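Enquirer: Structure provided below as C-alpha cells; questions to follow.
The values are calculated or read from the model by the stated rules, or taken from the named source; none is laboratory data. What you are looking at is a predicted structure, and each value in this text was computed from that prediction instead of being measured. Methodologically, a virtual Cβ is constructed for each residue, glycine included, from the backbone with ideal geometry; neighbour enumeration extends over all protein chains shown. The area values use the complete protein model at the heavy-atom level, side chains included, leaving out ligands, DNA and RNA. Shrake-Rupley method; radii C 1.70, N 1.55, O 1.52, S 1.80 Å.
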Amino acid sequence: MAKIPQDLRYTKDHEWIRMEDGVGVVGITDYAQHAMGDVVYVEFPEKGRKVRAGEDFAVVESVKGANDVFSPVSGTVLEVNDTLEESPELLNQDAYANWLVRLEVADPGELDSLLDHAAYAALLEELEAENG
Amino acid sequence: MTRRMETVFEASRPGRKGYALPELDVPAVDCRTALGKACRGKPPRLPEMAEVDVVRHFTRLSKLNYSVDEGFYPLGSCTMKYNPKVNEVAARMPGFARLHPLQPEETAQGAMKLLFDLGAMLAEITGMDAVTLQPAAGAHGEQTGLMLIKAWHESRGDAKRTKVIVPDSAHGTNPASAAVTGFETVEVASDDEGMVDLGSLEAILDDTVAALMLTNPNTLGIFEKHILELTEAVHRAGGLVYYDGANLNAIMGKARPGDMGFDVLHLNLHKTFGTPHGGGGPGAGPVGVKAELEPFLPSPVVVHKGGRYTFTGKDERPRSIGRVRSFYGNFGVLVKAYAYIRALGPEGLKEASEMSVLNANYLAKKLGGLYPLAHKGHCMHEFVLNGGPLKHETGVSTLDVAKAVIEAGFHPPTIYFPLIVPEALMVEPTETESVETLDRFADAMEEIVAKARSEGPEAFRGLPTTTPISRPDETTAARNPILRWQFGE
Amino acid sequence: MSRYTPATAEDRRRMLEYIGVGSIDDLYSGIPAGVRQKDLPDIPKALSEPEVIRDLRELAGANRNIDDLPCFLGAGIYDHFIPAAVDSIISRGEFTTCYTPYQPEVSQGTLQAIFQYQTMVCELTGMEVSNASMYDGASATAEAAVLAASATKRKKILWGRNVNPQTKEVLRTYCWSRGLEHGEVPAAGGTIDREALDGALSAGDAAALVVQSPSFFGTVEDIKALAEKVHGAGALLIVVTDLLALGTLEAPGALGADIVAGDGQTVGNPASFGGPAFGFIAVNKPLMRKMPGRICGQTVDSRGRRAFVLTLQAREQHIRREKATSNICSNQNLCIVAASVYLSLLGPQGLAEVGGQIMAKTEYALGRLEKSGKFRRAFPGVPCFREAVLLSERPVKELNRRLLDAGIIGGYSLEPLYPELENGWLLAVTENRTKQEIDRLVAVAGGDA
C-alpha cells in the first residue's frame, strides 16, 4: 500500500502539494513513483514560468516511459529541485521528501478543490481494485 | 565464444592502417596553405587497425545479432519476412550503385524507368493514382502524407482543420507524425477487437478535423468491418483518410486501400516488399495518393513522355509541398523492392498475403490454447495474445516470456503493443515460414507457459543465459548516459 | 507457387484443416464484399531468378555509370573510394536482416556498431553526443532546425545562400509543416555575407543560423566568427558538414557549433543515384534530451559485463507519441555500419591522406583549367575543399555536353539556381580522380574544338 501523508493535498493525477510559508511545494506521490518504476530523469519547467492548474509543467521519465506532471494549482514557478537532476533515483526512495517544484500560488482558494488524504486514499483503493 | 568483445577503440594500435591509396600523382598541397586556420588541429581519435582486424571485428560483432537469415522472427507489425538474395545482387549492379543522382538524365534512363515503373506498380497494388518514392522510411512517409493533407486543405482555404484522429490502438508513430506536421491528435476509442466505433467517430467529426489515420487490418490483426462507412463519414465531414501501410502484407491482391476510400497512404517497402530491415534502416516509405492530391506530391516527379523519362523541374509543380529528402529517395532500396515485385508477379504477391494469413491463423490456433487471443474468429496476417491472465496466475510477465523465447532460440514477438491489450504479445509469422518452423515455435511457447505455471517467475529471472549478454541494466544506462566510448577508461 | 513461400499444397491442406476452414478465402471473409478485389491485372507476370537478373541488368545497362565515366560532379554526392571490406561486412545477413535492436540480448552486434559510430561522429565533429543516424543530410539539417526552434523557443530559421539547394528545399518544407519562419542570408565572395547576417540577426528572433562548410560552393566558412555573431543574438549555430571533410577540416565543435549535422554518403556509401546513405546529427549535453532519433548507450548486464542498449527512449515516438521530439523510427542503420567499417579501415591518418589528395588534385585541376584561359575562379583566395566554383567562358550546358561526348561527367551548372554566377560551374575533384582523368578534362574543357 502506497504511503499517503495526512498533511498534503492531492490530485487525481497523483501529484501532491504542501503550503510552506505561503509557497506551494509540489511533488509526485509514492503511488506514482511506484507505478513508474525506476525514475531516470526529471525535466523541469523554467523558473518564472506561469502555469495554470492542471497544466503539464514537468516530465518524470522512467525506463518504461515519460510521465507528465500536472500543476495542482495555478501559479508561478519559483524554484526547481536541482538535486533530482543529478540523482533522479531519490524520487523512488522517498517521493514526499523530494519535491519537484516550488510555486508562488496565485489563488490559495484552489487548494480546497484538491483531494485530501482520505479522498486520495479512496482513489487509490479504487485503482487497486480495478487492477486486480 | 566467451571472449570479451573489444571495441574498435580498444583494438586500435597507433600506426596500423587498413587502406592504401595510389601514390599522389600531382603536386602535394599543404593543409595550412590550402585552408589556413580551418585546417584541423587535433586529429580525431578514430581506430587504427589492419584490414584483417577490422574484418574480424565486424564479423564477430555480426555474430552477436539474431537475424531473419538465422531463424524465425515473429515480430508483430514489423513483417520480418525472408529477404531474397537476388535483390541484393540487383541493388549492387554498377549501373545502379555507381550512378550519380545529378548525372545527365539521358545517361540514367534505366534508373528512371525503374522509378517510374515501381511507382506505377505500387499504385496498382494499393489502388492509388500516383506515388512518390522520396520518403526514406515509414515514419517519413507518414509525415509526407500528412503534409500532403495539410497542403490540400490549405489549397482550399480551409485553415481551421487542425486535428488528426487516431485510434487508441495506433502505433506511436501516428500521433508523433501528426504532431510534427503541426496537427493536434484526437484519440478515438476502439472496441475490444480494435475496431473504430462509427458512432464515436461521428461524434468527434467536425470541420476542424483534417484527417483520420487508420491501419487496416488494424493492430489486432482484424480487418475493419465498417471501413467504407468510416471513410465515408470522414469524407462527409470534409476530412481525408490516411492509410498506414504497416499491415499491407495481409491484403495484396485481396483488397486495396484505394478502393476502401483512403486518400493518402504510405507503404513500408522493408516490411511488405521484401527489402531487409538492416537493423533499423535503410527502408523506404513511398506515399500514394488519389488524383486530387497528386499536384502536391514532393518534387521532383518522374515523367514519361515521348519515349523518354525526365524529372520535373521545380517550377513545373507549383503546388508541390517541396522536397522531404534529397534526390529521389533510398534508390538502392527501391531497386530491391522492384526486383521483389517482378519476381513474385500478381499471383506471387497475392500468394504472399494469403500465406501470411494462413500462417498467422494456424499459429494463432496453436497458441490460442495457451493465451487468450485478442481477436475473435479469424485474424489476418498477425494476432495479439493477452499475457494478462498468465501474469496474474503465475507472476510471469510478458517480458519474462520474451526472454524465455530468446532462450528457446527464436526472436520474441512484439511485446507491450498494442497498448489496449494488457501484457500484449503481438505475433506476425509472415508467409516465408514453413509449417515446421511454426510448430517448433508453438512447442517452445507451450513449454514456456508450462514452466511459468510449474516454476513461477523465479525460473525466468536469469533468462536468457545463452546469449552474448544477459539482461542489461537499462536504468543505469538512462540515468547516467554513456553515449560514446570513454577514452582512457 | 513462389520460391519465397515454403508451404506445399499438402501443408496448406493440413493447415486449413487444422484451422477448420475449407479455403484461404474463408479466412478473408471479414473483408466486406464491396472492397474485395480479384487479382492485380497491371502487375507484370512473375519472373524466375535468371529472368529477374536479366530484367535488372537491362535497366542497369541503360544507364552509364561513374565507373565508366570519370565523374567531376558533386553537389552533395561524391565519388570516393570504398574499400572492398565495407561491402563484404554489410552484406552479412546478421547485419542486413535484423530489426531495430529492441531486444538487446540478441542485438549486441548492431548496438555496439551504433555505439562505435556515435563515438566516431563525436570525434569528427567535436561534439559530445551523436544519435544513431538520420535519413540523409538534408532531413538531418531540417530536424536540427526544428530542434533549435524548440530549444530557443523561437520560430525563425536562417540559412546561408550557399547551403545546398536541396537542403534548403527540405528546410522550407519542414519549416512550413512545423509553422516556422525562415530567411536566407546572402553570400558574398562565396561565403555568408557578414553584414547581411548582422542585419538578419538584429531582430533578435532567430532560433538558428544554418551554415554549410564546406559550403555548396566548396568554400570553407569561418565558423568561429559566425558562432560569435549568432550566439550574440541568442541563436544557435547549426553547422552542416561532411564526415570525410572533417578528417581535414577543424571540428565544428571546437569552433562554437551548437548542432552539427550533415550527410554521411562520403564515408563508405556508394552514390547509388542519391541513396541510401545517411544523415548525422550531433549536439552537446544540454541539447541531448531534445535530440531526435535513436541513441545507443553503454551499460552492464546482470552479470556485470559490458553491454549496449537503446537508451533515452522516453524522447521517442513509441513512448511519447504526440509529444515525441521527432517521429523518426528507422534510420539508416546499415549505412552507418558501412561508415564505421570505412572509418576503422582508414583511421585518422587515412582520412587525412584522402583529404590531402583531394586538396592536391582540386588545386591541380583548378590551376590547369585557369591556365587554359577558358575559366576563372569565382572566389579566388577563399579556401575550398573538394569542390570549387569556376566561371566558364562558354555556357555550361554546352561545356558539359562536350565532356559527356568525351566520356566525362562534368560539373554542376549553377546558373539556373544562382543567376548571379553566370556560367558558374561547380567542379568536384575527389581522390578517385587521376591526373590522367584531370588532364583529359582540361584538354576537352579547355580546348578550342
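Enquirer: Which condition breaks for C:Val121 when tested against (1) of a type outside the set (Phe, Trp, Tyr); (2) outside any helix (DSSP H, G or I); (3) crowded, with 24+ Cβ neighbours inside 10 Å?
Expert: Result: C:Val121 passes all but (2).
Enquirer: Within the stretch C:78-93, work out how many residues are of a type in the set (A, V, I, L, M) and open to solvent by 10 Å² or more (accessible area, probe 1.4 Å).
Expert: The total comes to 3.
Enquirer: Could you pull out the residue among C:Ala7, C:Ala33, C:Ala75 that is open to solvent by less than 30 Å² (accessible area, probe 1.4 Å) and within 30 Å of B:Ile222 (Cβ to Cβ)?
Expert: When all the criteria are applied, what remains is C:Ala7.
Enquirer: Moving to a separate point now. Which of (1) more than 30 Å from B:Glu354 (Cα to Cα); (2) touching a residue at least 24 places away in the same chain (Cβ under 8 Å) does B:Gly95 not meet, given it meets every other one?
Expert: It fails just one condition, (2).
Enquirer: For the stretch C:302-322, how many residues are more than 30 Å from C:Ser272 (Cβ to Cβ), without any contact (Cβ under 8 Å) to a residue 12 or more places away in the chain and either facing another protein chain (nearest Cβ under 7 Å) or hydrophobic (A, V, I, L, M, F, W, C) (or both)?
Expert: 8
Every residue, every condition in (1) open to solvent by 10 Å² or more (accessible area, probe 1.4 Å); (2) outside the structural domain of C:Thr152 (by TED's automatic domain parsing), yes or no:
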| site | (1), (2) |
| --- | --- |
| C:Arg303 | yes, no |
| C:Gln313 | yes, no |
| C:Ile328 | no, no |
| C:Arg368 | yes, yes |
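Enquirer: Tell me the residue from B:Glu382, B:Glu423 that is under 20 Å from B:Pro167 (Cα atoms), more than 14 Å from chain C (Cβ to nearest Cβ), in contact with a Gly (Cβ under 8 Å, 6 or more places away or on another chain) and not small (Gly, Ala, Ser), please.
Expert: B:Glu423
Enquirer: Which one of B:Pro422, B:Pro457 is open to solvent by 20 Å² or more (accessible area, probe 1.4 Å), within 26 Å of the chain's Cα centre (by Cα) and farther than 16 Å from C:Tyr102 by Cα? Reasoning before the result, please.
Expert: Details: B:Pro457 fails: within 26 Å of the chain's Cα centre (by Cα).
Exactly one residue qualifies, and that residue is B:Pro422.
The rows are residues; the columns are (1) under 30 Å from B:Val405 (Cβ atoms); (2) surrounded by fewer than 24 Cβ atoms within 10 Å (Cβ to Cβ).
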| residue | (1), (2) |
| --- | --- |
| B:Lys63 | yes, yes |
| B:Tyr66 | yes, no |
| B:Gly71 | yes, yes |
| B:Asn87 | yes, no |
| B:Arg98 | no, yes |
| B:Ala111 | no, no |
| B:Met121 | no, yes |
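Enquirer: Now for a separate question. State whether one or more residues within the stretch B:7-22 are among the small types (Gly, Ala, Ser), part of a loop (DSSP other than H, G, I, E, B), surrounded by 16 or more Cβ atoms within 10 Å (Cβ to Cβ) and facing chain C (nearest Cβ under 7 Å).
Expert: Yes, the stretch B:7-22 has at least one match.
Enquirer: Is it the case that some residue within the stretch C:94-102 is free of Cβ contacts under 8 Å to residues at least 24 places away in the same chain and open to solvent by 10 Å² or more (accessible area, probe 1.4 Å)?
Expert: Yes: one or more hits.
Enquirer: Residue check: is B:Ala90 over 19 Å from C:Val267 (Cβ atoms) and either not assigned by TED's automatic domain parsing to the domain that holds B:Ala444 or not β-branched (Val, Ile, Thr) (or both)?
Expert: Criteria met by B:Ala90.
Enquirer: Quick one: what pairs do we get from the stretch B:450-474, first residue more than 9 Å from chain C (Cβ to nearest Cβ), second surrounded by 15 or more Cβ atoms within 10 Å (Cβ to Cβ) and part of a loop (DSSP other than H, G, I, E, B), C-beta under 7 Å, 6+ apart or different chains?
Expert: Correct list of pairs: B:Ala452/B:Val396; B:Gly456/B:Val396; B:Pro457/B:Val396; B:Phe460/B:Val396.
Enquirer: Answer with yes or no whether C:Tyr135 is in contact (Cβ under 8 Å) with a residue 24 or more places away in the chain and either in contact with a Phe, Trp or Tyr (Cβ under 7 Å, 6 or more places away or on another chain) or facing another protein chain (nearest Cβ under 8 Å) (or both).
Expert: Spelling it out, C:Tyr135 is indeed in contact (Cβ under 8 Å) with a residue 24 or more places away in the chain and either in contact with a Phe, Trp or Tyr (Cβ under 7 Å, 6 or more places away or on another chain) or facing another protein chain (nearest Cβ under 8 Å) (or both).
Enquirer: State the number of residues belonging to the stretch B:93-117 that are in a helix (DSSP H, G or I) and either at the interface with chain C (Cβ under 7 Å from one of its Cβ atoms) or out of contact with any helix residue (DSSP H, G or I) (no Cβ under 9 Å at 6 or more places or on another chain) (or both). If you could, list the steps in order and put the result at the bottom.
Expert: Initially, the stretch B:93-117 is screened for residues in a helix (DSSP H, G or I), giving B:94-97, B:105-107, B:109-117.
Filter again for either at the interface with chain C (Cβ under 7 Å from one of its Cβ atoms) or out of contact with any helix residue (DSSP H, G or I) (no Cβ under 9 Å at 6 or more places or on another chain) (or both), leaving B:94-97, B:107, B:109-111, B:113-114, B:116.
Matching residues across the stretch B:93-117 total 11.
Enquirer: Now, a different point. Go through the stretch B:28-37 and count every residue that is under 14 Å from C:Ile358 (Cβ atoms) and either surrounded by 12 or more Cβ atoms within 10 Å (Cβ to Cβ) or at the interface with chain C (Cβ under 7 Å from one of its Cβ atoms) (or both).
Expert: The number of residues fulfilling the criteria is 5.
Enquirer: Being of a type in the set (A, V, I, L, M, F, W, C), at the interface with chain B (Cβ under 7 Å from one of its Cβ atoms) and over 30 Å from C:Arg178 (Cβ atoms) is the filter here, so list the residues in the stretch C:326-350 that pass it.
Expert: Selection gives C:Val341, C:Leu343, C:Leu345, C:Leu346.
Enquirer: Give the residues of the stretch B:118-141 that are at the interface with another protein chain (Cβ under 10 Å from one of its Cβ atoms) and of a type in the set (Gly, Ala, Ser), sorted by residue number.
Expert: B:Ala120, B:Ala123, B:Gly127, B:Ala136, B:Ala137, B:Gly138, B:Ala139, listed by residue number.
Enquirer: State all residues of the stretch C:36-47 that are modelled with pLDDT of 95 or more, surrounded by fewer than 18 Cβ atoms within 10 Å (Cβ to Cβ) and not charged (D, E, K, R); if no residue qualifies, say none.
Expert: Hit for the stretch C:36-47 is C:Pro44, nothing else.
A quick yes/no check of all residues on (1) out of contact with any strand residue (DSSP E or B) (no Cβ under 6 Å at 6 or more places or on another chain); (2) surrounded by 24 or more Cβ atoms within 10 Å (Cβ to Cβ); (3) assigned by TED's automatic domain parsing to the domain that holds B:His381; (4) not aromatic (Phe, Trp, Tyr):
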position	(1), (2), (3), (4)
B:Arg236	yes, no, no, yes
B:Asp263	no, yes, no, yes
B:His266	no, yes, no, yes
B:Gly280	yes, yes, no, yes
B:Arg323	yes, yes, no, yes
